[in-house]
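One structure is given below, encoded as structure tokens.
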Amino acid sequence: MADTARDYLAERFQADAEALRERVSSMARGAKIPGPDAATSRAMADACERVAAMVQAVVQPDEAAASLEALSALIPLLEQHADSQSHPAVRAVYAGAATRIREIQAFEANANADANAHPNADAHSDADDGDDDAR
């Protein structure tokens, strides 16, 4: 299980690449699988591996916010890769990676907003105030 957003993304895209390569292998053995053909699946697997490598190349700062900021710096590069692809399925890999980073940004922003809205939420205890005994 991934400990950081960087690890999560790298593992996710590496797993996608492996699944696509297994798909190609199954198709080579004669399996009829709906969806992209073997060449497209292979190209998508290559793109997934490139995305995983890009994510892994991001220096992992100690602070979570800095880590997310470093990952966010990949968005323009991923979008540039997406724009330069002629095959829609390969373009979708890069665009999808940028979208995943944006989703993580949004999740973190919401989590931080919730934490700031309820700063003492973890400080509440289940201390007995005596009312339970009266029932």
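Only the coordinates and a few stated rules stand behind these numbers; no lab work does. Note that the structure is predicted; figures quoted are calculated from it, not measured. Cβ sites come from the backbone with ideal geometry, for glycine too, and all protein chains shown count toward neighbours.
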### Query
Along the charge dipole of region 2-61, Cβ charges K/R +1 and D/E -1, which of 56, 25, 45 sits furthest on the positive end?
25
### Task
Obtain the nm distance between the two label points defined at residue 117 and residue 83 by a simple spin-label model: each point lies 7 Å from its Cα along the Cα-to-C-beta direction.
3.6 nm
### Cβ-Cβ FRET estimate between residue 75 and residue 7, R0 fixed at 22 Å, reported to 0.05
0.75
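Where in region 7-111 are there trypsin sites (Lys or Arg not before Pro) that are in a DSSP coil and have at most 11 other Cβ atoms within 10 angstrom of their Cβ?
29, 32
Just in region 44-117: which GluC sites (Glu not before Pro) are loop by DSSP and have at most 16 other Cβ atoms within 10 Å? List each step's numbers first, then the result.
Values: sites: 49, 63, 69, 79, 103, 108; in loops: 63.
Loop-located and lightly packed - 63.
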